[in-house]
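Chemist: There's a structure below that I have some questions on.
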Amino acid sequence: MRVVIVGGTSGIGLAAAARLAAGGAEVVVTGRSEERLRSALKQLGDQARGEVVDARDTGAMRALFEGLGAVDHLVVTVTGRGGAGPLSSLTDEGLTEAWRNKLVPHLLTAQAALGVLNPEGSITFVTAASAGAALPGIATLAAVNGAIEAAVPGLAVELAPIRVNAVSPGVIETDWWSEIGDEARAAFMEGAAESLPVRRVGRPEDVAATIEYVVRNAYTTGIVLTVDGGGRLKA
């Protein structure tokens, strides 16, 4: 089984690569940073190989898949900065950047892979629980992730028998939060943990387990699985 994980050099993508590789899959990871790629491959061992490529570069993604040849499963974990904040501060540039950094690479990466993807294989998008959250300041994040999730059922029918699913994480302890600073990050994570039914924030491995499920389960398509520690249950 050959799995390509776009955005697989850190965080959730790297955890998914490690889990799938441990289960015997041949894993190809991609990322924008040569340094992160080298580090990821060192962790993953002989079951993995990698390429430096920017998922926002549609031409580069097409060239990647043409060079790889046959692929059984595609996992897209690409994310981006920007998009958070109140409607009153939203700009054309910020909104365009948010869509460009996530929605565009998710859908066009899937498109680029179609020519080499096994008809009995799958596409898995990694979105975010913000798609279904009702919180101030996340309207753009909700719109971007919600758009990807909304595409899943239609793509599952359009691309059948290729399976199409999404995994939607809640608060996960990854480097995505690094920009807010260590002190603010620690305070936020502590507060989030106390508010969740499971009494902890998520780990990349929690999401990786769900990614592996939708990749390996050949009778699962057209769904969005939320991995949020019960965050959706909060009043």
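Chemist: Which order do you get for Tyr213, Tyr219 if you rank them by accessible area with a 1.4 Å probe, largest at the top?
Modeler: Reading off the accessible areas and sorting them downward yields Tyr219, Tyr213.
Chemist: For the range 1-104, what mean projected area does the convex hull of the alpha carbons give, in nm²?
Modeler: So the mean shadow area of the Cα hull is 7.2 nm².
Chemist: Quick one, what does Rg over Rh come out to for the range 46-139 if you take C-alpha atoms and the Kirkwood Rh?
Modeler: That ratio equals 1.05.
Chemist: Where the Cα atoms of the chain are projected onto their three principal axes, how long is each span, largest first, in whole Å?
Modeler: 45, 35, 35
Chemist: Let me ask something else about it. What is the magnitude of the charge dipole of the chain about its Cα centre, with +1 placed on the Cβ of each Lys and Arg, -1 on the Cβ of each Asp and Glu, and no other charges, expressed in debye to the nearest 20?
Modeler: That gives a dipole near 320 debye.
Chemist: For Trp99 and Leu114 in the same chain, what is the full-extension length gain: residue separation times 0.36 nm, less their Cα-Cα distance, in nm?
Modeler: Gain on stretching Trp99 to Leu114: 3.2 nm.
Chemist: For helix 11-22, report the angle its Cα long axis makes with the longest principal axis of the Cα atoms of the chain; keep it between 0 and 90° and round to the nearest 10°.
Modeler: Helix 11-22 sits roughly 40 degrees off the main axis of the chain.
Chemist: Rank these by accessible area, largest first, 1.4 Å probe: Thr210, Thr96, Thr109, Thr221.
Modeler: Thr96, Thr221, Thr210, Thr109
Chemist: Okay, next question. Exposed loop trypsin sites (Lys or Arg not before Pro) only (DSSP loop, at most 16 other Cβ atoms within 10 Å): please give the longest stretch of the chain free of them, not including the sites.
Modeler: 82-198
Chemist: Picking from Asp54, Asp175, Asp92, which is most flexible by a Gaussian network model of the chain using Cα springs under 10 Å?
Modeler: Fluctuation is largest for Asp92.
Chemist: Still on this structure, please answer the following. Quick one: among Ala40, Ala129, Ala22, which has the greatest mean-square fluctuation in a GNM of the chain with alpha-carbon springs under 10 angstrom?
Modeler: Result for the chain, Cα springs under 10 Å: Ala22 fluctuates most.
Chemist: Which angle from 0 to 90°, rounded to the nearest 10, does the C-alpha axis of helix 34-44 make with the longest principal axis of the chain?
Modeler: So the helix axis and the longest Cα principal axis differ by about 70 degrees.
Chemist: So, one more: How far, in degrees from 0 to 90, does helix 103-113 lean away from the longest principal axis of the Cα atoms of the chain, to the nearest 10?
Modeler: Helix 103-113 sits at roughly 10 degrees to that axis.
Chemist: Now, a different point. Collect residues whose amide H, placed 1.01 Å from N in the peptide plane, falls under 5 Å from the amide H of Gly222; neighbours closer than 5 in sequence don't count.
Modeler: Correct list: Val164, Asn165.
Chemist: Compute and list, largest first, the equivalent-ellipsoid semi-axes of the range 109-235 from the alpha carbon gyration tensor, each √(5λ) rounded to a whole angstrom.
Modeler: So the equivalent ellipsoid measures 29, 15, 14 Å along its semi-axes.
The values are calculated or read from the model by the stated rules, or taken from the named source; none is laboratory data. The structure presented is a predicted model; accordingly, all values stated were derived computationally and were not measured. Note that each Cβ is placed from the backbone with ideal geometry, even for glycine, and that neighbours are counted across all protein chains shown. The protein model used for the area step is the full one, side chains on, heavy atoms only, and it has no ligands, DNA or RNA in it. Shrake-Rupley method; radii C 1.70, N 1.55, O 1.52, S 1.80 Å.
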